[in-house]
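Trainee: Before anything else, here's the structure in question.
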Amino acid sequence: MDRAGILLVALSALGFATLGIFGKIAFGLGWSSSELLSWRMLLAAVWVWGWLLWRGGWRFQISEALAPFLLGAVGYATQTTLYFAALERLPVGVLVLLLYVYPVFVVLLAWLLERERPTQTALLAMGLALVGIALTTDLSGQVGLLGVLLALASAAVYATYLLLSARVSRVSDPVRTSGYVFVGAALSFTALAWLDGRFQVPGSLPDWGLLLGISTVATVFPVVLIFVGLRRIRATQASIVSMLEPLFTIALGVLILGERLSLAQLLGGGLVLLSVVILQRR
């Protein structure tokens, strides 16, 4: 097991864990999903391509760009749209719990498409992680059916996106690949925001601060890190390590939103970490 690959995917999970918090703050400031996601991807594309220009790594080849561009315009855009639609209807903890059914889809897709049979160790680690997530997010009360269906659909699309990303990342530079993904997603979201009549330039410092945070911390860093990590470990392994995200989300909720952790949540977090340890031992 490549420990550097595990660390990269874990750091990616930490970045993605901030997305729901940024989203809730944005909804409180009056942002629509399409407008927020449009600016998120546009700024992310500027960050990545600015970095490539600065380091002299910029180049454009249609053969290299087409697959990640479509991955962003269709796969990433669809998954994120479903995620934010669910975020508008569900608490962050409930959404994260439902979203992290996706490793089940990853294992099933890898089995069906790549003939990669899940080992007993992988199944054990995934089972412990799923139980840990259920405890960590502390699901309780009634939730809307539409929000649940949107979250599960987001999980299924993300599983497909992760497997396709693994294939793309093996044949292309991960930073350029991320840049193409961001451009594709930016065009999709901008078109949606324009059709919705909600696309406008932010006019306040809090709005720009929100956009800079969500485009870098919650987007550029984790997406690039997951591409690099997928060049070192398998998609099924990455899916289990990425289960650290709910634990990070709960911790950020405590630090930023003043939420409290229950004993059940602490126990669940321990099970999530245990699953990662078992995977590393493998």
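The values are calculated or read from the model by the stated rules, or taken from the named source; none is laboratory data. Values in this document were obtained by computation on a predicted structure and should not be read as measured data. So basically every Cβ, Gly included, is an ideal-geometry build from the backbone, and we count neighbours across all protein chains shown. Areas reflect the complete protein model, heavy atoms only, side chains present, ligands, DNA and RNA absent. Shrake-Rupley method; radii C 1.70, N 1.55, O 1.52, S 1.80 Å.
Trainee: Only residues in the range 30-41 that are of a type in the set (Asp, Glu) count as the first member; pair them with residues that are surrounded by fewer than 24 Cβ atoms within 10 Å (Cβ to Cβ), Cβ under 8 angstrom, at least 6 apart or cross-chain, and list the lot.
Mentor: Hits for this filter: GLU35/ALA193; GLU35/ASP196; GLU35/ARG198; GLU35/PHE199; GLU35/GLN200.
Trainee: Report every pair of residues separated by at least 6 positions or lying on different chains whose Cβ atoms are under 7 Å apart, first residue within the range 4-26 and hydroxyl-bearing (Ser, Thr, Tyr), second at pLDDT 90 or above.
Mentor: Between residues of the range 4-26 that are hydroxyl-bearing (Ser, Thr, Tyr) and residues that are at pLDDT 90 or above, the close pairs are THR18/VAL217; THR18/ALA218.
Trainee: Taking the stated definitions as given, is ARG234 in contact (Cβ under 8 Å) with a residue 12 or more places away in the chain, farther than 24 Å from VAL48 by Cβ and basic (Lys, Arg)?
Mentor: yes
Trainee: Do we have ARG198 as assigned to a helix (DSSP H, G or I) and among the charged types (D, E, K, R) here?
Mentor: On the way: assigned to a helix (DSSP H, G or I): no; among the charged types (D, E, K, R): yes.
Here the answer is no, as ARG198 does not meet what is asked.
Trainee: Another question, then. Within the range 194-223, can you find the residues that are among the hydrophobic types (A, V, I, L, M, F, W, C) and open to solvent by 90 Å² or more (accessible area, probe 1.4 Å)?
Mentor: Of the residues in the range 194-223, the ones among the hydrophobic types (A, V, I, L, M, F, W, C) are 194-195, 199, 201, 205, 208, 210-212, 214, 217-218, 220-221, 223.
Listed by number, the residues that qualify are TRP194, LEU195, VAL201, LEU205, PHE221.
Trainee: Report yes if some residue within the range 224-231 is on the phi < 0 side of the Ramachandran plot, within 15 Å of the chain's Cα centre (by Cα), open to solvent by 30 Å² or more (accessible area, probe 1.4 Å) and at pLDDT 85 or above; otherwise report no.
Mentor: The answer is yes; a qualifying residue exists.
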